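Let me begin by presenting the structure, written as structure tokens, before commenting on it.
The values are calculated or read from the model by the stated rules, or taken from the named source; none is laboratory data. Remember, it's a predicted structure, so these values are computed and weren't measured experimentally. With ligands, DNA and RNA removed, areas are computed over all heavy atoms of the protein, side chains included. Shrake-Rupley method; radii C 1.70, N 1.55, O 1.52, S 1.80 Å.
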Amino acid sequence: MSGTSPALQPPADAVRPVRHPDAPAPGQLLGAHYGQCFGCGGEQPHGLHLEARAGEGVSVTAEFTVRPAHQGAPGLAHGGVLASALDETLGSLNWLLRTIAVTGRLETDFVRPVPVGTVLYLEAEVTAVAGRKIFSTATGRIGGPEGPVAVRADAMFVEVKVDHFIDNGRPEEIRAAMNDPDQVRRARAFEVNP
């Protein structure tokens, strides 16, 4: 991405990301990390319902269809919704590292308008890790992996403990997530965003 700020440049001592041995296999659908998540949750009627798949290395692909509820200008996707799609896709990468992390910084370039009804195809990868900081990049294309670039983003996620969510989230939602008997779903509920 052009014009990335210094805050999104990995430091000299950053290392290459390493896919966790227990990460989902390439091609596997990651599924929603939390049903109420605006980005991927199926329980949000106006959410993105973004579906991410594990890729090779520490990468993912994702798709979502821009619906009328996602528009800003008439017939076009709202820029904040597109930024949310990029953030959700980038956040999904942390599942391949098996790390709980939140968005620390997200910079987005809007390259072209995205019409309502468009399927936005997103690709993201982790580029470096430095301590608790995870650096990543994403691209969104209209219509498929070879389509024209519509949006791009660079991000830095920060690894946190589950206490970050317990201390700051609404108690009733935290209790419900913590009491979920499905250990994978319980762990994934706390994987992205502050």
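Applied to the range 13-26, the Karplus parametrisation 6.51 cos²θ - 1.76 cosθ + 1.60 on θ = phi - 60° returns per-residue 3J(HN,Hα) values of 8, 5, 10, 5, x, 10, 5, 5, x, 9, 5, x, 5, x Hz, with x for Gly and Pro. The phi-based Karplus calculation (6.51 cos²θ - 1.76 cosθ + 1.60; θ = phi - 60°) puts the 3J(HN,Hα) values of the range 98-114 at 6, 10, 8, 9, 10, 5, x, 7, 9, 10, 10, 10, 9, 8, 8, x, 10 Hz, whole numbers, x for Gly and Pro. Once backbone amide H atoms are built at 1.01 Å from N, LEU76 has VAL116 as its partners under 5 Å, excluding neighbours fewer than 5 places away on the same chain. Normalising the average separation of contacting C-alpha pairs (under 8 angstrom, six or more residues apart) by the number of residues puts the relative contact order of the range 28-98 at 24 percent. Residues in the range 75-144 average 36 Å² of solvent-accessible surface per residue, probe 1.4 Å, ligands and nucleic acids excluded.
Taken along its principal axes, the alpha carbon cloud of the range 62-150 reaches lengths of 43, 24, 20 Å, longest axis first. Between ALA52 and LEU30, GLY31, the built amide H atoms are under 5 Å apart, and every one of these is 5 or more places off in sequence or on another chain.
Using a 1.4 Å probe on the protein chains only, how many percent of the accessible area of the range 1-144 belongs to carbon and sulfur?
On the way: 3470 of 6660 Å².
The computed percentage sits at 52.
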